[in-house]
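In what follows, a structure is listed as structure tokens, so that the remarks can point back to it.
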Ligand code: CP3
């Protein structure tokens, strides 16, 4: 295994361990925070760098991916407590042999999606993750060096159902009806596909922390969630834990089952260390349901269109609801391209100020 070398000892020691301290239940001085899509189009420095480079070219070029990953860390300094590697969930379907392009204004698009069960034959049989996704490992290695221990680095993957949905729809969709029709008409083939995706995700997931994005899970009924999401995300967390524990590590894993309110209690009983919560969920009720599990989230990204005062007041309520322990702040979904970077700063400062007062 070429990438066995992603050991902590090979990298500069971590100076900011807040997230790990929260997971261990240790004493902290403020609630840690990071933001989904913290590297992205809302940052002028990102738009400038992207101008000459196609989206997936940035993902595939470790120097560029590293540069973009560091942009929010350089800009916000110690207001941020984690970084997330610049990449996309679509690199996994690409590694499985499907062409996926980032179409401006439309998002990720597959010119030849999977339509019928026979199309599964078009997928690469045994994906060699080191070969096909080695560029992500290289980007992670380089970024961990360049971060110099300032903050830990998240690796991530799309969840099996979310990736299956894109691979069948060919792009984002309002209803995901083509993909969901598979679950009802071809349940066996659906499971073959979900397992194929799961088998690529497991060896692919590296980083100091991991987040699994099951962003399309809210499209499913609770029954479909139980049958087509749970078994695969459980396999992923169990295998990732088993593998890393064998190497003497415990890598915290976070799950974002966006929109799946009904699943919080079930998820809180799994080995996932963190449950990311979207903004439609009430912090206090979610805390009661999830008991002592670490929760992450969840302000409406649109809060960042509000004034500094509005942002502060909402942060107070959010932290009141989740509590300052077993909690990592984030948004309820990613940054939008028209967000003002200054308003994200207000949000990060409010989290620092409100939580550090409560932790005194
Ligand atoms: O900073 C970070 O969060 C790390 C980078 C990251 C990106 N995508 C970069 C990106 C991460 C973690 C993702 C995950 C991702 N990608 C998800 C799961 C999270 C979620 O949003 O629910 C999904 C569903 C995707 C697929 C995807 N990629 C979509 C739907 C889009 C289009 C979005 C849009 O508004 O156009 C992308 C493109 C994308 N991924 C961009 C970035 C910075 C913008 C593309 C650009 O620069 O032109």
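The values are calculated or read from the model by the stated rules, or taken from the named source; none is laboratory data. Remember, predicted model here, so these are calculated numbers, not experimental data. Every residue, glycine as well, gets a Cβ built from its backbone with ideal geometry; the counts of neighbours run over all protein chains shown.
To keep it simple, each residue is scored yes or no on (1) buried (at least 20 other Cβ atoms within 10 Å of the Cβ); (2) not in a helix (DSSP H, G or I).
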{"site": "22", "(1), (2)": "yes, no"}
{"site": "27", "(1), (2)": "no, yes"}
{"site": "40", "(1), (2)": "yes, yes"}
{"site": "63", "(1), (2)": "no, no"}
{"site": "67", "(1), (2)": "yes, no"}
{"site": "70", "(1), (2)": "no, no"}
{"site": "77", "(1), (2)": "no, no"}
{"site": "92", "(1), (2)": "yes, no"}
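Taking residue 207 as the residue in question, decide whether it is more than 19 Å from residue 64 (Cα to Cα), within 16 Å of the ligand (Cβ to nearest atom) and in contact with a strand residue (DSSP E or B) (Cβ under 6 Å, 6 or more places away or on another chain).
The answer is no for residue 207.
I'd like to verify a number: residues in segment 140-171 that are more than 11 Å from the ligand (Cβ to nearest atom) and either under 23 Å from residue 80 (Cα atoms) or out of contact with any helix residue (DSSP H, G or I) (no Cβ under 7 Å at 6 or more places or on another chain) (or both), how many?
Qualifying residue count for the region: 14.
Of the residues that sit in segment 49-61 and are at pLDDT 95 or above and not in a loop (DSSP other than H, G, I, E, B), which one is farthest from residue 256 (Cα to Cα)?
In this case the residue turns out to be 57.
Residue check: is residue 43 farther than 21 Å from residue 137 by Cα, in contact with a helix residue (DSSP H, G or I) (Cβ under 8 Å, 6 or more places away or on another chain) and either away from the ligand (no atom under 16 Å from the Cβ) or touching a residue at least 40 places away in the same chain (Cβ under 8 Å) (or both)?
Yes.
Conditions first: (1) over 21 Å from residue 95 (Cβ atoms); (2) away from the ligand (no atom under 16 Å from the Cβ); (3) free of Cβ contacts under 8 Å to residues at least 60 places away in the same chain. Residue 275 passes all but one, so which condition is the exception?
For residue 275, the exception is condition (2).
If we scan segment 251-270, do we find a residue that is without any contact (Cβ under 8 Å) to a residue 40 or more places away in the chain, more than 16 Å from the ligand (Cβ to nearest atom) and out of contact with any helix residue (DSSP H, G or I) (no Cβ under 9 Å at 6 or more places or on another chain)?
Yes: segment 251-270 contains one or more residues that are without any contact (Cβ under 8 Å) to a residue 40 or more places away in the chain, more than 16 Å from the ligand (Cβ to nearest atom) and out of contact with any helix residue (DSSP H, G or I) (no Cβ under 9 Å at 6 or more places or on another chain).
Here's the yes/no breakdown for (1) more than 11 Å from the ligand (Cβ to nearest atom); (2) touching a helix residue (DSSP H, G or I) at 6+ places or on another chain (Cβ under 7 Å); (3) farther than 30 Å from residue 19 by Cα:
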| site | (1), (2), (3) |
| --- | --- |
| 72 | no, no, no |
| 94 | yes, no, yes |
| 99 | yes, no, yes |
| 102 | no, yes, yes |
| 111 | yes, no, yes |
| 116 | yes, no, yes |
| 128 | yes, no, yes |
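Residue 190 passes all but one of (1) surrounded by fewer than 21 Cβ atoms within 10 Å (Cβ to Cβ); (2) more than 16 Å from the ligand (Cβ to nearest atom); which number fails?
Condition not satisfied by residue 190: (1).
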